[in-house]
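The values are calculated or read from the model by the stated rules, or taken from the named source; none is laboratory data. Worth saying up front: this structure is predicted, and the values here are computed from it rather than measured. Glycine gets a Cβ as well: all are built from the backbone with ideal geometry, and neighbour counts include every protein chain shown.
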Amino acid sequence: MGRNFANKNVVTVIINYPLSPAAGYEDMARDCAAAIKWVKDSIATYGGNPERIFAMGHSAGGHLEALIDLDPRFFAEQQIANPLRGIILNDGFGLDMEQYLKLAEKNDQTTSFLKTFTTDPENWKKGSPLTYFDQIKHPYYILVGEDTYEAIKIQSKRLYELLTQAQKPVKYEVIPKKQHVPMISQMVFGANPLYQSIIDFMQSH
């Protein structure tokens, strides 16, 4: 994906973060915020524009990018103002972990989620990007697979509707016949039309 974007003249940084159960969601978010700070400080060396940083994440990556965009403590810990220009959610999971952990049917992944967010419902709320909806100041591009998990469909649509009602810039697109993992694996193909859609979104903001 990094090479595909680079071939389309988009300077691209692929970041990483620690995983559960070794790390909780706050550790993950802090590493993401630190990585974005590095981009802000260093990307000009690689031909990038530190004033035009867009974040894109799939699944948990979508949760983390939205969380550091909306919960101000993570960039405050890095001693920088939020440097993000826009957010691209690619089938983002966990926009409202409080709702999910309270209402969703328990499955094999529930134990993993509880290790990441603890068993305290207050942490579920604290770790949910939608808790901080009033902090949204940037445009959002929300991509959802037509055949993805129901929780992703519900929460992505809810975010889109809230943004629309608040008259904030948002683009929402359902990708036909795509399940959760194929929403990111399809990006291996440089000719995938989503690349142009994402670039158009970035260029328009």
*Give the number of residues within segment 44-77 that are more than 14 Å from the chain's Cα centre (by Cα) and crowded, with 18+ Cβ neighbours inside 10 Å.*
2
*Do we have any residue at all in segment 85-93 that's among the polar types (S, T, N, Q) and touching a His at 6+ places or on another chain (Cβ under 8 Å)?*
yes
*Of everything in segment 163-190 that's more than 18 Å from MET1 (Cβ to Cβ) and of a type in the set (A, V, I, L, M), which residue is farthest from the chain's Cα centre (by Cα)?*
ALA166
*So which of TYR195, TYR149, TYR132, TYR140 ends up being of a type in the set (Ser, Thr, Tyr) and either surrounded by fewer than 15 Cβ atoms within 10 Å (Cβ to Cβ) or touching a strand residue (DSSP E or B) at 6+ places or on another chain (Cβ under 6 Å) (or both)?*
TYR140
*asked:* List the helices (runs of 4 or more DSSP H) inside segment 1-93, counting only whole elements, that have at least 1 residues being among the β-branched types (Val, Ile, Thr), under 20 Å from ASP134 (Cβ atoms) and at pLDDT 95 or above.
replied: 60-70
*Kindly indicate which of GLU98, GLU51, GLU105 is more than 22 Å from GLU173 (Cα to Cα), of a type outside the set (S, T, N, Q) and touching a strand residue (DSSP E or B) at 6+ places or on another chain (Cβ under 8 Å).*
GLU51
*For segment 89-103, how many residues are crowded, with 16+ Cβ neighbours inside 10 Å and farther than 21 Å from GLN165 by Cβ?*
7
*asked:* Report every pair of residues separated by at least 6 positions or lying on different chains whose Cβ atoms are under 8 Å apart, first residue within segment 179-200 and at pLDDT 95 or above, second surrounded by 17 or more Cβ atoms within 10 Å (Cβ to Cβ) and among the small types (Gly, Ala, Ser).
replied: GLN179/GLY145; HIS180/SER59; HIS180/GLY145; PRO182/GLY145; MET183/GLY145; ILE184/SER59
*asked:* Given the criterion of a type in the set (S, T, N, Q), free of Cβ contacts under 8 Å to residues at least 24 places away in the same chain and out of contact with any Gly (no Cβ under 6 Å at 6 or more places or on another chain), identify the matching residue among THR148, THR111, THR118, THR131.
replied: THR111
